[in-house]
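Each reported figure results from applying straightforward, stated rules to the coordinates on display, with no laboratory input. Fair warning: this is a prediction, and the values are worked out from it, not measured in the lab. Quick reminder, even Gly has a Cβ in these numbers, built from the backbone with ideal geometry, and neighbours come from all protein chains shown.
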Amino acid sequence: MKISNIASKIRPSQTLSISAEANMKKAMGVDVINFSAGEPDFDTPENVKQAAIDAINDNYTKYTQYEGNIELREAICDSLAARGLEYKPEQIVVTNGSKHALKNAFSAIIDPGDEVIVPAPYWNSYIDIINMVYGVPVVVETKKQNVFKITADELEKAYTDRTRALIINSPNNPTGVMYTRDELEAIARFAVEKDIYVISDEVYSSLVYSKKSPHISIASLGDDIYKRTIVVDGLSKKYAMTGWRVGFSASDAEVASAMANIQSNSTSNVNSIAQVAAIEALDNGNDVAADMLREFQHRRDYIVQRITDIPLLSCMIPKGAFYLFVDVSKLLGNTVGGVELKNSTDVARALMDIYNVAVVPSDAFGYNNYIRISFATSMRDIVEGARRIEKFVKDNY
Ligand SMILES: Cc1ncc(COP(=O)(O)O)c(C=O)c1O
């Protein structure tokens, strides 16, 4: 039987496939170090789990408002206010993870053939989600000398009369870079002048390592950009709640209402129990989140040092998120295990097959010559994984 053209264009998420391969090897008894997963290795905080148990016992198990329980939307507004963003509950849609908020957002603003500017390296799902709504992703390769950040000049070159939106992801997956106020102001000027939307993926906004350069949301830079921005965020990364599937969007009320209508006819509300857990996380989970952040920082500092010490490899210090973007260009051209390493996918394959280390090649993020190491894993695995990567280079170069 035929599947639709659009479905045949959609690829499985490469990061999830690599992680699944690592988990399969582990299940077969292989000691794999999994640096590919984009999720905290911590358990969900106890009080959050208890709130969910209480919700079940209290029979909070029926449909909720499809845009999300009002108390949760209020708690989301409070948490956004704490970072300088004023929203009312009617501007919030609670979604099945921030991935779903992205799907709602593109469904609400894209007509077939409309273009969305996506700076590369990008989080891999952007492309597929835009394709799913018959949009056209226009990928702009950012430059290493611009620290992988898109500039207003590059945006200008990518712009056409079909451009409807651009995506900003700060802190960024896979690079860990963050946009400064000046850089965001330039992007905001561009978006306002062209009258296009900005999808601001802020899912890592709470994972920022320096108090001196805090996360800034482009939506906070004035009324004109505020009303054109759809902020996408969620609880997965901050509160170690990836499996609960709670995300949200914050936007102009008209766009929020369009997204809520779409959601009401597709998934309806997010699981009622997860919504109660989310309220508890937002209201009382910040101390645990701060502890996790400190631990991530400790791991970051360790892995940055270890990778920097390995000849032929280099990386920048990520300012946010939990990924290290490692330049492997100097490894290309050599033959390892009988295979010539031609690109980052070959490097990642050799690491997986011979050294049992799972990393994500930058090819998955629309960029050449890098691998992404997630340090959202235990210190034991980070120490051992760094040792294996060092051995890989020593053995073959
Ligand atoms: C940049 C980015 N955006 C969105 C998501 C989706 O997260 P979730 O749907 O769990 O909120 C991820 C997950 O890895 C991500 O890295």
Original post:
To the nearest Å, what is the center-to-center distance of segment 95-138 and segment 183-260, using C-alpha atoms only?
Top reply: 15 Å
Subject >> Helical contribution to [θ] at 222 nm, DSSP H n ≥ 4, -39,500 (n - 2.57), averaged over the chain, rounded to 500 >> reply: -13000 deg cm²/dmol
**OP:** Please name which of Gly320, Thr267, Val32 has its Cα lying farthest along the dipole of the chain towards the positive end, using unit charges on Cβ (Lys, Arg +1; Asp, Glu -1) and the Cα centre as origin.
**Re:** Val32
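In the structure shown, do any of Lys99/Lys227; Lys149/Lys237; Lys26/Lys144; Lys62/Lys237; Lys144/Lys237; Lys149/Lys194 have a Cα-Cα gap over 30 Å, and if so which?
On the way: Lys99/Lys227 21 Å; Lys149/Lys237 22 Å; Lys26/Lys144 35 Å; Lys62/Lys237 27 Å; Lys144/Lys237 26 Å; Lys149/Lys194 20 Å.
Flagged as over cut-off: Lys26/Lys144.
Is the shape of segment 40-98 rounded, prolate or oblate, going by the alpha carbon gyration tensor and its root eigenvalues a ≥ b ≥ c, with a/c under 1.5 for rounded and a/b larger than b/c for prolate?
Details: a/c = 2.11, a/b = 1.29, b/c = 1.64.
Judged from the Cα gyration tensor, segment 40-98 comes out oblate (a/c at least 1.5, b/c at or above a/b).
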**OP:** Please work out whether segment 1-114 counts as rounded, prolate or oblate from its C-alpha gyration tensor, where a ≥ b ≥ c are the square roots of the eigenvalues and a/c under 1.5 means rounded, while otherwise a/b larger than b/c means prolate and anything else oblate?
**Re:** oblate
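In what order do Thr335, Thr180, Thr345 fall by count of nearby beta-carbon atoms within 10 Å, going from fewest to most?
Thr335, Thr180, Thr345
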**OP:** Jot down the radius of gyration and Dmax of the chain, Cα atoms only, both in angstrom.
**Re:** 20.9, 62
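Can you give the charge dipole size of the chain about its Cα centre, rounded to the nearest 20 debye, using +1 on the beta carbon of Lys and Arg and -1 on the beta carbon of Asp and Glu?
Values: 42 positive and 51 negative charges, 229 e Å.
Value, rounded to 20: 1100 debye.
Explain nothing, just the number: relative contact order of the chain, from Cα pairs under 8 Å at least 6 residues apart, as a whole percent. Intermediate values should be presented prior to the final figure.
On the way: 761 pairs, mean separation 92.3, N = 397.
The normalised contact order for the chain reaches 23 percent.
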Subject >> Proximal charge balance of Met28 [Cβ under 15 Å; K/R count +1, D/E count -1] >> reply: -1
Original post:
Can you give the angle from 0 to 90° between the axis of helix 70-81 and the longest principal axis of the chain, with both taken from C-alpha atoms, to the nearest 10?
Top reply: 60 degrees
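Taking the Cα centre of segment 224-347 as the origin, how large is its charge dipole in debye, to the nearest 20, when only Lys and Arg (+1) and Asp and Glu (-1) carry charge on their Cβ atoms?
On the way: 12 positive and 14 negative charges, 51 e Å.
Roughly 240 debye for segment 224-347.
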Original post:
At q = 0.13 Å⁻¹, what base-10 log of I(q)/I(0) does the Debye formula yield for segment 61-284 when every alpha carbon is treated as an equal point scatterer in vacuo?
Top reply: -0.70
Original post:
Can you give the convex hull volume per residue for the Cα atoms of segment 224-291, as a whole number of Å³?
Top reply: 103 Å³
Original post:
For the Cα atoms of the chain, what angle does the longest principal axis make with the long axis of helix 286-308, in degrees from 0 to 90, nearest 10?
Top reply: 30 degrees
Original post:
Remind me, relative contact order of segment 61-284 in percent, using alpha carbon pairs under 8 angstrom and six or more residues apart?
Top reply: 29 percent
Original post:
Roughly what angle does helix 14-27 make with the longest principal axis of the chain, taking Cα atoms, 0 to 90 degrees, to the nearest 10?
Top reply: 60 degrees
Original post:
For segment 6-164, what relative contact order do you get, as a whole percent, if you take Cα pairs closer than 8 Å and at least 6 residues apart?
Top reply: 20 percent
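Taking the Cβ of Ala158 as the center, what net charge do the other residues with Cβ under 12 Å away carry, scoring Lys and Arg +1 and Asp and Glu -1?
On the way: positive: Lys157, Arg162, Lys194; negative: Glu115, Glu141, Asp153, Glu154, Glu156.
Every neighbour counted, the sum reads -2.
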**OP:** Please find, in a Gaussian network model of the chain (springs between Cα atoms separated by less than 10 Å), the residue of Ala191, Ala22, Ala55 whose mean-square fluctuation is greatest.
**Re:** Ala55
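Given N residues in segment 287-397, what is Rg(Cα) / (2.2 N^0.38 Å)?
Values: Rg = 14.0 Å, N = 111, 2.2 N^0.38 = 13.2 Å.
Taking N as the residue count of segment 287-397, the ratio is 1.06.
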